[in-house]
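Readers should treat all values here as calculations from the given coordinates under stated rules, not as data from a laboratory. Predicted model, so just to flag it, every value in this text is computed and none were measured. Glycine also receives a Cβ, built like all others from the backbone with ideal geometry; neighbour counts cover every protein chain displayed.
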Amino acid sequence: MNWLYTLSLTDYLLITLFVCLYLIYMGRTVWLARKLGTTAWGVAPKLFLRSLYVSLLFIALMGPSFGKADSSVSATDTRRDLFIIVDISRSMDAADVVPTRLERTKYAVQQLIDTLATDRFGLILAGSEPFVLLPLTADHDALRQSVRDVRTDISAMGSTNLCEAIELARQKFLTDSSTRHMVRAIVLLSDGENFTTCNRSALIRLRSGQMPILTVGVGTEEGSTIRKERGVVRDADGQPVTTRLNRDFLSQLSQTTGGFYAETGDPQYASELVGFIRSLRGGSNNEQQVALSNNKYYYFLLVALVFLLLDLVVTIRTFSV
């Protein structure tokens, strides 16, 4: 089972509040029972029932993805598996692309999702340490929500490592057997400011494994300062830091892996990117059964609502006579 979301601080606070209030309620009930010279075992069934449906509601909130729905696909099938890598380094807060590089990136990802409606997408965030925010899924609504929530401050401080993010995407493809017979590609959206050198042999393995990198440059060669609260980011000497689009690095990645390079400043980049993705060929000529995993939150939500209605309808005497 995969989880599309994790519990936030607010969710943990709500859980703590529920537990505290219920402990107060139970303590008061037991105290009244002692005063009346009776017992309060009637609260036990209600406690179990309420704890159950509250737990189910939070499980539904986390977006559980499980089960395997088999779908027959062949070489002529239009579905593709794409890992999108989004650069979340501080330089993506630069405003040389309106409104910022990151917001322009998020808009580009939304366009890609809307256009390739039959494809599966995964989302990897690239900072000092890359991580998978969303595994490969056909649930585009979950992907859109995840993209909207992306910020630069969720990454630990440090140098950007796009090479590790690319390697992470490759490993995820290799370990997921459902992608083996599908067209696979990596879409990288970044300003190209990378502080490590990508292993050329690893990039060649991507090409031989038919996993090209499609790079989208976000930013300008003139560059811009980086916003920070009410000011800008400065170097050790107190001078404003200027970040620029590293076109050479991004185009080299795409060229080495047999991919595609474009920039958001080109009005035609989106259509050209989609056209290249649709032109990709790979996988097997034989028909294969591919497992799809979708968000099954509604199962847990439905059961929780049934228990909630049961709690409202069924009356249990709190105090025993």
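Note on the range 78-179: Cα-Cα pairs beyond 24 Å make up 21% of the total pair count.
A dipole drawn for the chain from +1 and -1 charges on Cβ atoms has a positive end, and of Ile226, Phe48, Leu9 the residue lying farthest that way is Phe48.
Taking amide H as placed 1.01 Å from N in the peptide plane, the amide H of Leu214 sits under 5 Å from that of Ile186, Val187, Leu188, Phe260, each at least 5 places away or on another chain. Applying both filters, DSSP loop and at most 15 other Cβ atoms within 10 Å, to the trypsin sites (Lys or Arg not before Pro) of the range 93-173 gives Arg151.
Using the rule -39500 (n - 2.57) for each DSSP H run of four or more residues, divided by the residues of the chain, the 222 nm mean residue ellipticity is -13500 deg cm²/dmol.
Between Phe48 and Arg205, the modelled label-to-label distance comes to 5.3 nm, taking each label 7 Å out from Cα in the direction of the beta carbon. How high is the FRET efficiency between Val241 and Glu129 when r is their beta carbon distance and R₀ equals 22 Å, given to the nearest 0.05? Calculated transfer efficiency: 0.55.
Counting only DSSP beta bridges whose two residues both lie in the chain, roughly 45 percent are antiparallel. Within the chain, what's the longest stretch lacking GluC sites (Glu not before Pro) that sit in DSSP loops with no more than 13 other Cβ atoms inside 10 Å? Of all site-free stretches, the longest is 1-220.
To the nearest 10 degrees, how steeply does helix 43-61 sit against the main Cα axis of the chain, on a 0 to 90 scale? So the inclination is approximately 10 degrees. Among the listed values (1) 35, 60, 4; (2) 27, 44, 21, 7, 0; (3) 30, 58, 11, 1, the one computed from these coordinates for P(r) over Cα pairs in 20 Å bins from 0, in percent is (2).
Across the chain, how many lysine pairs, 8 or more positions apart or on different chains, have C-alpha atoms separated by under 24 Å? Please give the number. Close lysine pairs under the 24 Å cut-off: 6. Legend: ranking of residues Val98, Val303 from fewest to most surrounding C-beta atoms inside 10 Å; resulting order Val98, Val303. As a size descriptor, the averaged projected area of the C-alpha convex hull of the range 1-64 was calculated at 4.7 nm². Over the range 132-196, what is the relative contact order in percent, taking alpha-carbon pairs closer than 8 angstrom and at least six residues apart? This gives 37 percent for the range 132-196.
Note on the range 69-279: with charges restricted to the Cβ of Lys and Arg (+1) and Asp and Glu (-1), its dipole about the Cα centre is near 340 debye. Counting other Cβ atoms within 10 Å as a rough exposure proxy, the listed residues Ile277, Ile213 run Ile277, Ile213 from fewest neighbours to most.
The calculated FRET efficiency for Thr115 paired with Phe195, based on their beta-carbon distance and R0 = 25 Å, is about 0.15. If you run the Gaussian network model on the chain, springs between alpha carbon atoms under 10 Å, then out of Cys20, Cys198, Cys163 the most flexible one is Cys20.
With pairing defined as another cysteine C-beta under 4.7 Å, the cysteines of the chain that fail it are Cys20.
Extension gain, Glu222 to Leu17, is 68.6 nm, computed as 0.36 nm per intervening residue step minus the present C-alpha separation. Remark: the range 134-147, residue by residue, has Karplus-estimated 3J(HN,Hα) of 8, x, 4, 8, 9, 7, 6, 5, 5, 5, 4, 5, 5, 5 Hz, where x stands for each Gly or Pro and the curve is 6.51 cos²θ - 1.76 cosθ + 1.60 at θ = phi - 60°. Residues Ile59, Ile226 in ascending order of nearby Cβ atoms (within 10 Å, fewest first): Ile59, Ile226.
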